[in-house]
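Input: a single structure, listed below in structure tokens.
The values are calculated or read from the model by the stated rules, or taken from the named source; none is laboratory data. Predicted model, so just to flag it, every value in this text is computed and none were measured. Every residue, glycine among them, receives a Cβ derived from its backbone with ideal geometry; neighbour counts consider all protein chains shown.
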Amino acid sequence: MNTENNVPCEVSRKKVVGLLPCSGACNVGMLTTKCVTQMAQKHDNINFVCSLGIPLGIEGIVSNAKKSEYYVAINGCKVGCSSKALESINILPDNEIIVTEDIGIQKNKNYSDENGLESLVSKLETLINTAL
């Protein structure tokens with residue numbers, strides 16, 4: 001019997017990390033979605049949460065959001081839509097990224113502009129690893 005794969009779940013269990021991209025209609029909003037998509041494909045403990053469905057009260061989305069144990073709101077700008085979405089169901093994000101402030105990217109209407117994506121991915125990766 002291979003004992004390496006039989007690690008007790010208390011030892012091997014990772015926190016479920018809820019990631020909420022703002023997905024706003026600008027370059028930094030699009031970056032939040034692209035970044036979260038990469039993290040969801042890379043890590044098996046990511047809960048990709050639809051920020052828009054939470055304040056709309058969509059039951060399945062709210063229920064899904066509440067399954068997370070650690071929350072990171074990834075906001076494109078200081079408006080903070082993802083953070084506000086969580087707060088609408090009385091959950092404060094454990095961590096928050098504001099792309100325009102934390103990564104230093106200027107907001108524009110070029111939706112395909114990926115300037116700063118690598119920096120955002122790196123920052124979010126660090127937050128995810130901290131959550132574990």
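Take the stretch 76-101 and flag every residue that is assigned to a loop (DSSP other than H, G, I, E, B) and among the β-branched types (V, I, T). Steps first, answer last, please.
Going through the stretch 76-101, the residues assigned to a loop (DSSP other than H, G, I, E, B) turn out to be 76-80, 88-94.
Of everything in the stretch 76-101, those that are assigned to a loop (DSSP other than H, G, I, E, B) and among the β-branched types (V, I, T) turn out to be V79, I89, I91.
Quickly run through the stretch 18-64 and pick out the residues that are among the β-branched types (V, I, T) and touching a helix residue (DSSP H, G or I) at 6+ places or on another chain (Cβ under 6 Å). Give the derivation first.
Our first condition is that a residue be among the β-branched types (V, I, T); within the stretch 18-64, this holds for 28, 32-33, 36-37, 46, 49, 54, 58, 61-62.
Within the stretch 18-64, V28, I46, V49, I54 qualify.
Kindly indicate whether any position in the stretch 59-75 is at positive phi and either modelled with pLDDT of 95 or more or of a type in the set (A, V, I, L, M, F, W, C) (or both). First the steps, then the outcome.
First, pick out the residues of the stretch 59-75 that are at positive phi: none.
No, the stretch 59-75 contains no residue that is at positive phi and either modelled with pLDDT of 95 or more or of a type in the set (A, V, I, L, M, F, W, C) (or both).
Any chance the stretch 112-121 includes a residue that's at pLDDT 95 or above and under 13 Å from the mean Cα position of the chain (by Cα)? So that I can check it myself, show each step before the final result.
Kept after step one, since they are at pLDDT 95 or above, are these residues of the stretch 112-121: 112-121.
Keeping just the survivors that are under 13 Å from the mean Cα position of the chain (by Cα) gives 120-121.
Scanning the stretch 112-121, I find at least one residue that is at pLDDT 95 or above and under 13 Å from the mean Cα position of the chain (by Cα), so the answer is yes.
Of all residues in the stretch 104-121, how many are in contact (Cβ under 8 Å) with a residue 12 or more places away in the chain and either crowded, with 19+ Cβ neighbours inside 10 Å or closer than 13 Å to K34 by Cα (or both)? Please lay out each step first, then the result.
Applying the first criterion (in contact (Cβ under 8 Å) with a residue 12 or more places away in the chain) to the stretch 104-121 yields 104-105, 107-117, 119-121.
When the remaining residues are screened for being either crowded, with 19+ Cβ neighbours inside 10 Å or closer than 13 Å to K34 by Cα (or both), the result is 105, 111-117, 119-121.
Total meeting the criteria: 11.
For the stretch 66-102, name all the residues that are under 14 Å from V36 (Cβ atoms) and either in contact with a Gly (Cβ under 6 Å, 6 or more places away or on another chain) or loosely packed, with under 15 Cβ neighbours inside 10 Å (or both).
S68, Y71, G76, V99
Does L124 count as in contact (Cβ under 8 Å) with a residue 60 or more places away in the chain, exposed (fewer than 12 other Cβ atoms within 10 Å of the Cβ) and not hydroxyl-bearing (S, T, Y)?
Values: in contact (Cβ under 8 Å) with a residue 60 or more places away in the chain: yes; exposed (fewer than 12 other Cβ atoms within 10 Å of the Cβ): no; not hydroxyl-bearing (S, T, Y): yes.
Spelling it out, it is not the case that L124 is in contact (Cβ under 8 Å) with a residue 60 or more places away in the chain, exposed (fewer than 12 other Cβ atoms within 10 Å of the Cβ) and not hydroxyl-bearing (S, T, Y).
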